[in-house]
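The values are calculated or read from the model by the stated rules, or taken from the named source; none is laboratory data. For clarity, every value in this text was computed on a predicted model and none was experimentally measured. The area values use the complete protein model at the heavy-atom level, side chains included, leaving out ligands, DNA and RNA. Shrake-Rupley method; radii C 1.70, N 1.55, O 1.52, S 1.80 Å.
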Amino acid sequence: MNKEHFLIELKIYLKPLSGQQQAFILNKYETIFNERSAAGEAEEEIAKNLGKPRAIAEEILQEFDISVPEKRLERDGWQEIQPEANTEQYTEETSEHPYDYAYQQYEQTRHNGFVRFCQVAGILSLNFLFAFWFIFAIILLFFSGWLIAVAFLFSPILGGFHVLSGLNDGSMFQLFASIFLFGGGIIGLLIMTPLTKFFGKVLKGYLHWNIRVLRGER
C-alpha cells in the first residue's frame, strides 16, 4: 500500500470526525510519509510500520469518545484497500500509531469568561497585595547584604589610610578591625552568591507560573 492508498483509506474511516479534525490527522500522517520517504524509506515499508488505516482510525475515534461502527462500508461507498499480495505485511503488533493527542489539546475546551476573569483577578491581586512587596523586601535585603559584603572587602583600604595618616594606637586598631571586616566580607560573598542564585531561580519560576496562569494554561 502506497501513501495515496493509505491516506484515502484512513480518511474513509475517519468520516465520523469533522472536516477540520480529519485534515489535521491526515496532514500529520502525510508529513510522516514525506519525512520518511525523504530519508530513503519506501512508501510500502512506511505503511507497513504504521499499521492498518482501519485500526489507526478506530484508535483515534475511541480517543474522541466516538463509538466505532461494526458494519463495514457498503458496496456503493469506499472500501478498505487490501491487496491480497500484501495482506501478510500488516500485523497488529507492529502498529506504530503516532497520534499523540495534539489535536485534542488543540481543540480542548477553553475556560469560560468568568473563570478567566477570576484567574487574572486572582493573580493580579496576589502580586500587588502580597507577592510584589515580599519580593521587593527580599531584593532590598539581598542588595543590603551585597553592599555590606563589598564594603567590608574595601575596609582595609580605609585602615591603611589611617595608618599612613598617623601611626598610633587608634590607627592600628582601625587597621586590625579592617582586616577582620575584610574576612567577614569574604564570608559574606560566599554566603550571598548561592543565596542570590537560588532566589533568582525561584523568582524566574514564579514569573513563568504567572505567565502560564495569565495565558490560561493553568
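Under 30 Å Cα to Cα from Lys11, which lysines show up? Leave out anything in the same chain fewer than 8 places away. The qualifying lysines are Lys3, Lys28, Lys48, Lys52, Lys71. Subtracting the Cα-Cα distance of Ser18 and Phe143 from 0.36 nm times their residue separation leaves 39.2 nm of extension gain. Solvent-accessible area of Arg36, all protein chains in place: 60 Å² (probe radius 1.4 Å, heavy atoms, ligands and nucleic acids excluded).
A simple rule links phi to the HN-Hα coupling: the Karplus curve 6.51 cos²θ - 1.76 cosθ + 1.60 with θ = phi - 60°, which for region 30-47 gives 5, 4, 4, 4, 5, 5, 6, 5, 5, 7, x, 8, 6, 4, 5, 5, 4, 4 Hz, with x for Gly and Pro. The residues of region 173-218 expose on average 75 square angstrom of accessible surface per residue, using a 1.4 Å probe on protein heavy atoms.
Expressed in nm to one decimal, what extension gain is obtained for the pair Val115 and Phe198 from 0.36 nm per residue of sequence separation less their Cα-Cα distance?
Working: separation 83, 0.36 × 83 = 29.88 nm, distance 3.32 nm.
The span from Val115 to Phe198 would gain 26.6 nm if fully extended.
For Ile211 and Phe128, compute 0.36 nm times the residue count separating them, minus their Cα-Cα distance, and round to one decimal in nm.
Working: separation 83, 0.36 × 83 = 29.88 nm, distance 1.52 nm.
Between Ile211 and Phe128, full extension yields an extra 28.4 nm.
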